[in-house]
Each structure stands twice: as C-alpha cells, then as structure tokens.
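First up is the structure itself, then whatever we jot down about it.
The values are calculated or read from the model by the stated rules, or taken from the named source; none is laboratory data. Quantities reported herein were computed from a predicted structural model and do not represent experimental measurements. As a convention, Cβ positions derive from the backbone with ideal geometry for all residues, glycine included, and neighbour counts pool all protein chains shown. Ligands, DNA and RNA are excluded from the accessible area calculation, which covers all protein heavy atoms including side chains. Shrake-Rupley method; radii C 1.70, N 1.55, O 1.52, S 1.80 Å.
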Amino acid sequence: MASAAPQIGKLLKDANLVSEAYIQFAVREQEATGEKLGECLIRLGIVSDSDIAKALAAQSGMPFIDLRVFIPDPNVLSRLPAQVARQNLVLPLFVKGNSLHIAVTDPYDPTYSEIIFRFTGLPATAHVGGRNELKKLVERFYYLLEHPVADEIDGIVERARLNPSIDIDIAKLVDMLLSSAVSLRATDLHITPSSVSSRVMFRVDGIMSSAYVFPAVFHSRLATNIKVRSGMDIAEQRKPQDGRMSFEFLGDFFDIRVSSLRTNFGENMVLRILPSRGGQVLGLSDLGFEHDQMQVMKQLFSHPHGMVLLTGPTGSGKTTTLYAALRIQDVIGKNIITVEDPIEYEFMMIRQTQVNEKAGYDFASAIRTFLRQDPDVILVGEIRDDETASFAVRAALTGHLVLSTLHANTAMGAIARLRDLGVSPFLLASSLVGIAAQRLVRRLCPDCKEKYLPSSELIERYKLSPDGEYFRPVGCQHCRQTGYSGRMVVAEILPFTKEILRLVAEDAPLGDIDDQARKEGFADLMDIGLTKVKRGETSLDEIQRVIY
C-alpha cells in the first residue's frame, strides 16, 4: 500500500477516465461551489462514484466492490456499532475465515484496521467502494438493523391473521412496504388480490418473488391509499388508471409510477420505483458488454450525425446504456439535449427535459423545439409513434446525432418496427447508424456457484462442448440464497455497413439482411449469452429464461 493518497485529478487522468480539459472545467466549477474536486466531477457526471473507487482500488492494490448489488448479513453488520460505522464510513460485509471483510472509501486511511479489531476482535480485509454509495448504504442498513421493517410488517400480518378487522395505520404500512422494496433493490412492487388474500410481490433483478401476504380485507384499503397518494380516482374501480406519487427514504427520493387494473377479485396495483433524483450514470465497461462490442458501441456513438437505436423489452436497461453512451461524448464541447419520461439519471453537463403531456410537450414536439436549440446530440427517451419516428429521422438527416430507444425484440425487429411506423426504406438507410438489442441477465454469485455438466440434450441443442466448464447457482449468505448477484447486459449490435445500408434502402427481406450481417460477423443475443455461460458469468438456465 502506498504511504500517501494520490491527488484525485492525477489519479483519474492516469486511469484515462478524464482529460485535462475536464479537470480544468471542474476546477473552475469548484472555485464557485467550494466542493472537493472528486465531488465536483461526480456531480457533473464526468466520472461516477464507482470510477473513482475503481481507480483508488487499482492504485492501492485493494479489491473493488460494487456496493450497488451487495446486501450485508445483519448478524455481521451488528458486530460494529452503528455510530462507529457512520463516523468512520465503514460497512461490515461478511466474515470469511478469521477476517471481517469491510467496505471503505479511502484505502490509504491507516485507522480502519485498528477500529475493526478494537470493536470486533477480528482483523479487517478492506474492499474499496464508492463514497456516495457507501454513505447511503451505511445509513440504510443500520437504520433497517435498528428499525426492522420486515419484522414490523410480519407482526402486522400475524395480528391481522388473528383479527382481520384490526385497525392499522394503512399509510404507514404502505410506507413500510415501499421501504422494504427499496432496501431489497426492487424495481417493482405488485399488490395482487385473491378471494382470501392480498399478495405483495417484489421484482428484484428481473425476478418476481413473494414478500408478504395480508388478509383480503386489507386489499381495498391498500389500493385506496395508493390511489389517493398518486392522484387517481378512488371512485373509479372498473377502468385501468395510471398515477404518480413520490416517496422519501433516508434522504433518497423515489418517483413511483402507479398502474391499476381491475381483476375478478379487485384492483391489481403495480408500483414502479424510480430514483427521482437520478441514478448513477455508469460507463459502458460497467454494464457487461463484451470488449469488442464496446469498441463498436464507441464507434456508433461517436458519429457526428445519424441515429443509433437501443431496443429491448421494458426494464432491459436501454436508458442506462444510452446514458453510458453520453459519457463518451464531449460534454463540454457539444450541446446535448434530452427528452425523457421520466428523467431517470441526472447528468449536470447536459440539458435534460421531461415529457409533460398535459402541457402538450411530448417526444415529437420536443424534437421540433430542440432543432431550434443548436443541438449536437439529441436523446429521445422512446420512439413510440410515427410522428416521433418522423421527427427523429429528420433530425438525424440534418446533422445531428439522435439516440433513442424502440420497443422491439431484436435488432432486425427494430428495422421492421420502423418500417411499420411508416419510415421509408430510403430514409432508414440515410439516417440509421446502428441498432443494438439488449437484455439483462443475472450474474452468478462468485462465492457459491458450482461446476456441473448440462444434460446431453442441452449440450446438443446449444452446440456446447462436453469438455467445457459450466456453472449453476447454489445460494449463500452473500447472494441472499438466490445464487445470483447483480445483472449484466447481453446485447447484439448491428452496425450499418455499406452493404447493410444497401439492403435496407432496397427494402430487402429481413432474412437477407440477417444473412449479410452474419457474414460480416454479427452475433445475436443467444451467441453472446452462450459466450457468457462458457466463461462462467451466468447460467444456462438464466440465458434460457431471458433470451430463449
């Protein structure tokens, strides 16, 4: 370990994360705000919390830990007093062997080993995590340790089982359900009625799981409270409704999108949880793209004009990838404008706007306005209709780089979708630079995955080598017994070469375009997914669940 911490600017430049121009820009900003340089660079979106942590980890020789996917064991957490953890910004992670593994932000701080040994009697093994993320998680997990929300909800369930007519604070219960969902990194919360119960389910890493079950009499009260808070009509229970509410948990603010749908047992409620202050803008290297794919993506997003599309189902990470692409751009030298629904990431160096349908500000009208704002890069949250498609193509043809998403299953399917939206073959060929289709698959937990040999049927179906190494999930304390930890991108990327452009302009069948793309080295979603299976990053079951 080095004896002194390096200057953050030099560290980031040595890691090729920032240029001197960005450093000087941040220094001028810093003079006005009084921030530390690293804090200023993160706020501007030039680097992420994780970037700085990775650079510090590499420079110090300590391992980096991605805290976004880690949930510590409460028994391990309790070994270090909350006040000590908060004061020293240390998060106990797990015990392995005779050592307490911890997350820290400054690998050059000599005091953490002494602190851990004094309070736990164990030597410390440190991992470097992002400062902002670590600070947030120390507050969150110690709060939950001191105020066990899950236990409180379970207590309500038990009392309700004995007395279904029990009087409870339903607003507080909804808040506790949301707190529980946030603490488990859930993206969606479902409240589903049945003849005898009201089931609460969380979607975590793309998988639905049962969280709580209440007596049926609770359901209408839960639904009514949510509808009131999200501005929906509580008297209307026959028609589907959409609403929006906000939620705050330990200083984190969330935008909750609410949808109701009448079923035979009552209204089914789905709450999508989005950070209202924007999530952390990651780089392409953080998302799981293959190395050669990242080079292609960088080429696509470096075009001075044209249109690049991301496709895939809802929740497949398209917007996250688009924002990672924006970090490739010269955010100082270019005017970058976005229109989104909603703004999912805050990026201070670009101009972000949000759809407001009541005010008549939709995707199509936004693009019209942007063309008078001297833009270089335009990000359109989604191409939903023929009008938006038409304006996006027009912007791409008039010297702007247009980035957007489209609902289609594959890159080839995106071409068919654009044709269906009325974009002529000639305009498609003149505007499109490339299309990427992606999915999110769960990563195997590195601590508990085990080797196995798939069945002969699967080996034959997917043309796998019977001598290869394959892994499957097991489950341990580090992954909450799921066998998986976090998610990564599986993507297929179709750059529009001269021959592909010719076929598109001629309105050729998609099969012909696919044949030509494969001649040029195109690998589809399954090809890339199996590559990750062979490297032991994910399981064959996961690829089958998400892709096939």
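Solvent exposure of the chain, expressed per residue, is 45 Å² of accessible area, with all protein chains present and a 1.4 angstrom probe. In segment 332-460, taking the dipole from charged Cβ atoms about the Cα centre, the farthest positive-side position among Asn409, Val380, Ala395 is held by Ala395. Please work out whether the chain counts as rounded, prolate or oblate from its C-alpha gyration tensor, where a ≥ b ≥ c are the square roots of the eigenvalues and a/c under 1.5 means rounded, while otherwise a/b larger than b/c means prolate and anything else oblate? In terms of gyration-tensor shape, rounded.
Across segment 480-496, coupling constants 3J(HN,Hα) worked out from phi with the 6.51/-1.76/1.60 Karplus curve, θ = phi - 60°, read 6, 6, 8, x, 10, 9, x, 9, 9, 7, 10, 9, 10, 10, 10, x, 8 Hz, and Gly and Pro carry x. You can think of it this way: the chain between Glu158 and Asn98 has 17.7 nm of extra reach, that is 0.36 nm per residue less the Cα-Cα gap. Highest-first packing order for the peptide set 225-232, 455-462, 244-251 is 225-232, 244-251, 455-462, based on the mean count of other beta carbon atoms within 10 Å.
Taking amide H as placed 1.01 Å from N in the peptide plane, the amide H of Ser194 sits under 5 Å from that of Arg199, each at least 5 places away or on another chain. Charge dipole of segment 317-375 (Cα centre as origin; +1 on each Lys and Arg Cβ, -1 on each Asp and Glu Cβ, all else neutral): 160 debye, rounded to the nearest 20. Given axes a ≥ b ≥ c from the Cα gyration tensor, I'd like to know whether segment 69-143 is rounded (a/c under 1.5), prolate (a/b larger than b/c) or oblate. It comes out rounded by the Cα gyration axes. Can you give the local net charge around Ser48? Use residues other than it whose beta-carbon is closer than 13 angstrom to its beta-carbon, Lys and Arg +1, Asp and Glu -1. Overall, the nearby charge balance is -2. Using a 1.4 Å probe on the protein chains only, how many percent of the accessible area of segment 1-130 belongs to carbon and sulfur? Carbon plus sulfur share of accessible area: 52 percent. Segment 157-218 and segment 492-545 have their alpha-carbon centroids 41 Å apart. Only Lys, Arg, Asp and Glu carry charge here, each on its Cβ (+1 for the first two, -1 for the last two); on that basis the chain has a dipole of about 540 debye about its Cα centre. List the DSSP H helices in the chain whose Cα atoms stretch 15 Å or more along the helix axis and whose mean Kyte-Doolittle hydropathy is at least 0.5. Length and hydropathy pass: 170-183.
Close amide H contacts of Ala216 (hydrogens built in the peptide plane, cut-off under 5 Å, sequence separation of 5 or more or a different chain): Ser197, Ser198. Averaging Cα coordinates gives a centre for segment 429-481 and one for segment 9-68; these two points are 33 Å apart. Mean sequence separation of contacting Cα pairs (under 8 Å, at least six apart), scaled by the length of segment 250-395, corresponds to a relative contact order of 20 percent. Beyond 18 Å in Cα-Cα separation lie the following of the pairs Lys96/Lys136; Lys318/Lys519; Lys13/Lys36: Lys96/Lys136; Lys318/Lys519. For segment 235-278, the Cβ-based charge dipole about the Cα centre amounts to some 200 debye (Lys, Arg positive; Asp, Glu negative; other atoms uncharged).
Shape class for segment 157-294, computed from the alpha carbon gyration tensor (a ≥ b ≥ c): prolate, with a/c not under 1.5 and a/b above b/c.
The sum of -39500 (n - 2.57) across all DSSP H runs of n ≥ 4, divided by the residue count of the chain, sets its helix-only mean residue ellipticity at 222 nm to -11500 deg cm²/dmol. Entry note, the chain: relative contact order of 10 percent, from Cα contacts under 8 Å with a spacing of 6+ residues.
When a 1.4 Å probe is rolled over the protein heavy atoms, the share of accessible surface on segment 308-402 that falls to carbon and sulfur comes to 43 percent. Couplings for segment 92-97, taken from phi via the Karplus curve 6.51 cos²θ - 1.76 cosθ + 1.60 with θ = phi - 60°, read x, 10, 6, 9, 9, x Hz in order; Gly and Pro are left as x. Among beta bridges from DSSP that stay inside the chain, the antiparallel ones total about 65%.
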